[in-house]
Amino acid sequence: MQVWPTRFRTLAAAQACAGNPERLANTVYGGRMGNTQPGDGWRFRGRGLIQLTGRSNYETYGRLVGFDLVANPDLLLQYGVGALVAGAYWNARGLSRPALRDDVTRVTEGINGGRNGLEDRRRLLAVAKRQLGLR
């Protein structure tokens with residue numbers, strides 16, 4: 001209920017999806033992000049390096065990288081395809097400039113559409129930069 005308060009207004013509604021990832025995905029993602037068919041929420045769940053989600057994103061980014069991700073959504077699980085899609089997604093959202101400025105908020109919003117886990121992402125960026133000798 002904390003993650004998707006608009007999808008689960010009661011504990012009973014959340015419990016109905018507990019332990020059933022397919023039902024959860026269809027409840028949370030069905031009818032949005034271009035998901036129009038029954039089962040689309042599950043079929044077009046987050047996959048790949050960028051966790052691409054939603055039929056419309058699968059159509060758009062599949063077309064950009066030359067793979068039919070709508071017919072074959074699991075192609076995103078292949079490293080090469082996942083990397084191509086992540087790069088196309090990153091570029092389409094103009095995330096290089098904010099990333100170079102360490103603008104974790106803008107990058108997070110560009111990928112997730114919100115600010116979930118923002119403080120943890122800032123901490124992990126600092127750790128990564130330290131490990132890479134960048135600060």
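The values are calculated or read from the model by the stated rules, or taken from the named source; none is laboratory data. From a predicted model like this one, the values you see are computed outputs, not experimental measurements. Ideal geometry is used to build each Cβ from the backbone, glycine not excepted, and the neighbour counts take in all protein chains shown.
Which members of region 118-135 meet the condition of being part of a loop (DSSP other than H, G, I, E, B), modelled with pLDDT of 95 or more and at negative phi? If the condition is that a residue be part of a loop (DSSP other than H, G, I, E, B), modelled with pLDDT of 95 or more and at negative phi, then L132 is the only one that fits. Within region 35-60, the set of residues being among the hydroxyl-bearing types (S, T, Y), assigned to a helix (DSSP H, G or I), touching a helix residue (DSSP H, G or I) at 6+ places or on another chain (Cβ under 9 Å) and surrounded by fewer than 21 Cβ atoms within 10 Å (Cβ to Cβ) comprises T60 only. Look at region 61-87: where a residue is within 12 Å of F44 (Cβ to Cβ) and a partner is acidic (D, E) and in a loop (DSSP other than H, G, I, E, B), sitting 6+ places away or on another chain with Cβ atoms under 9 Å, you get G62/D68.
The set of residues in region 35-59 being more than 14 Å from the chain's Cα centre (by Cα) and either within 21 Å of G87 (Cβ to Cβ) or modelled with pLDDT under 95 (or both) consists of E59 alone. Determine, yes or no, whether R9 is assigned to a helix (DSSP H, G or I) and loosely packed, with under 14 Cβ neighbours inside 10 Å. Here the answer is no, as R9 does not meet what is asked. Close contacts from region 11-36, counting a first residue that is on the phi > 0 side of the Ramachandran plot and a second that is modelled with pLDDT of 90 or more and assigned to a loop (DSSP other than H, G, I, E, B), with Cβ to Cβ under 9 Å and a gap of 6+ residues or different chains, come to M33/F44; M33/T53; M33/G54; G34/F44; G34/G54.
Applying the set (1) in contact with a helix residue (DSSP H, G or I) (Cβ under 7 Å, 6 or more places away or on another chain); (2) in a helix (DSSP H, G or I) to R115 leaves exactly one unmet item: (2).
Put simply, of A71, A83 the only residue that is on the phi < 0 side of the Ramachandran plot and not in a loop (DSSP other than H, G, I, E, B) is A83. Taken as a whole, region 61-71 holds at least one residue that is surrounded by 12 or more Cβ atoms within 10 Å (Cβ to Cβ) and either under 14 Å from the mean Cα position of the chain (by Cα) or closer than 23 Å to G114 by Cβ (or both). For R32, indicate whether it is assigned to a loop (DSSP other than H, G, I, E, B), surrounded by 12 or more Cβ atoms within 10 Å (Cβ to Cβ), at pLDDT below 95 and not β-branched (V, I, T). Taking the combined requirement at face value, the residue satisfies it. Filtering region 28-57 to residues that are under 20 Å from T108 (Cβ atoms) and of a type in the set (S, T, N, Q) leaves Q51, T53, N57.
Listed conditions (1) modelled with pLDDT under 95; (2) of a type in the set (G, A, S); (3) more than 22 Å from G110 (Cα to Cα) are all met by A25, apart from (3).
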